[in-house]
Amino acid sequence: MSEGGTRSTDPAMPDAQLRAWLCESDPAALARLHAAADAARAAAVGPEVHLRGLIEISNACVRSCTYCGISVHNHAVQRYRMGRDEILDCARRARELGYGTVVMQAGEDPLLSGPFIADIVRAIKRDIGGLAVTLSLGERSDDDLRLWRAAGADRYLLRFESSNPRLYARIHPAAHGHPALDPAAAEVPRVGLLRRLHELGYQAGSGVMVGIPGQTFDDLVRDLRTFQALDIEMIGVGPYIPHPATPLAHDFDGAAGHGEQVPNTVQMALTMVALARLLVPDANIPATTAVATLDKNNGREDALKAGANVVMPNLTPPKYRALYEIYPDKACVNETAEQCHSCLAARIHSVGRCIGTGSGDAPKAHRRTA
Ligand code: SAH
């Protein structure tokens, strides 16, 4: 039996054990880790899989993230921005399909103004009803975040991508006119923003990419500890997928040496999903589209069996979908909302789970507000 056959899955495991799990590749040991995470998921959040209808409302972006296919530097992308009525039509479709949440995601697009988004949030709450609203619009001003919260937005999704300031500074340059992040900083700026989102009364979701060039196993340990410390409601983890039109895809010198480079594989992402579930049992954890993209046959199912309890069916109108190409060959890109829904529902049922009803808040969200 490998060492992983006996290693603890106790949530109080020390950093050295977390690291050992992250480096584990023996299939039997990994099966045991996934089973422990699956049991923790069942005990903390039950059998339901919550559906969040994803609307990619704009692919315009002013940022220059070196990993992302829709960054300002990719001049080959045709840009779009959905109108108010188009967005509300998608939200109505979410309601018809029985979803409890809509997620509005976009590049960091200043033309999605504070009042424009606030008006849409109010219209969803007032005219459609029965939907929790999640925003994922990048790093926005405190004024915008307060305005949207007052308009009724429930959650905000902002991955910190990596908790290592040196790596973060390399992949996520500061906004135009802002000082560069000091690689010796104590934490990455998005971690502070996530704390602020909690202060404003949002449920906060975050996450990281796995297998970024230069990312080490110790970085992932730090990411997991950061999830714990932030006590966030949702943790999304997916493999980094190189996009040929981005600088990071051609940065062949950036990899970490000495066997420390984290691979950008489905297996690595599933290990992170399982460890996140063990460390933060009552969080919502999605089976991400990036995992499904690298393993179109079984990715979603395997994530659901390794601790995940959320999936995000895509509601973006088909004419825009392919343009929201943050990475290539994205899963579900050629499907209508209905096709995406029935495919995901079948996958959820195939692993013996059921579709959740209601807004699907993480139990910890209610602990926090109590
Ligand atoms: N502008 C928003 C939304 C970004 S897209 C924001 O910055 O928060 C949502 C997520 O997709 C990102 O947070 C990132 O983790 C992921 N992503 C972007 N490019 C990717 C790539 N090349 N491979 C894998 N995931 C990627």
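Structure values in brief
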| read-out | value |
| --- | --- |
| Long-range tail of P(r) for the range 148-298 (Cα pairs > 23 Å, %) | 38 percent |
| Computed magnitude of the charge dipole of the range 1-127 (debye, nearest 20; Cβ of K, R +1, Cβ of D, E -1) | 380 debye |
| The chain, relative contact order in percent, only Cα pairs under 8 angstrom and at least six apart counted | 23 percent |
| Estimated 222 nm signal from helices in the chain, with DSSP H stretches of n ≥ 4 weighted -39500 (n - 2.57), rounded to 500 | -11500 deg cm²/dmol |
| Partner lysines for residue 305 [C-alpha distance under 23 Å; skip if fewer than 8 residues away on the same chain] | 296, 330, 364 |
| Sequence-separation-based contact order of the range 67-158, relative, with Cα cut under 8 Å and 6+ spacing, percent | 29 percent |
| Total formal charge among the other residues, if their Cβ is under 12 angstrom from that of residue 103, Lys/Arg +1 and Asp/Glu -1 | 0 |
| Unpaired by the 4.7 Å Cβ criterion, cysteines found in the chain | 23, 61, 90, 332, 340, 343, 354 |
| Kirkwood-Stokes translational diffusion coefficient of the chain, alpha-carbon pairs, 4 °C, 1.567 mPa s, µm²/s | 63 µm²/s |
| Segments 349-359, 323-333 sorted - mean Cβ within 10 Å per residue, highest first | 323-333, 349-359 |
| Dipole magnitude (debye, nearest 20) for the range 265-370, charges at Cβ of Lys, Arg, Asp, Glu | 260 debye |
| Inter-part distance where the range 66-133 and the range 207-235 are each reduced to a Cα centre, Å | 27 Å |
| Alpha-carbon Rg with Dmax, taken over the range 233-370, Å | 16.5, 49 |
| Nearest-20 debye value, the chain charge dipole, Cβ charges on Lys, Arg, Asp, Glu | 760 debye |
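Where a number appears in this text, it was derived from the coordinates with a stated rule and is not lab data. Bear in mind the structure is a predicted one, so any value in this text is a computation, not a measurement. Cβ atoms come from the backbone with ideal geometry, glycine included; neighbour counts cover every protein chain shown.
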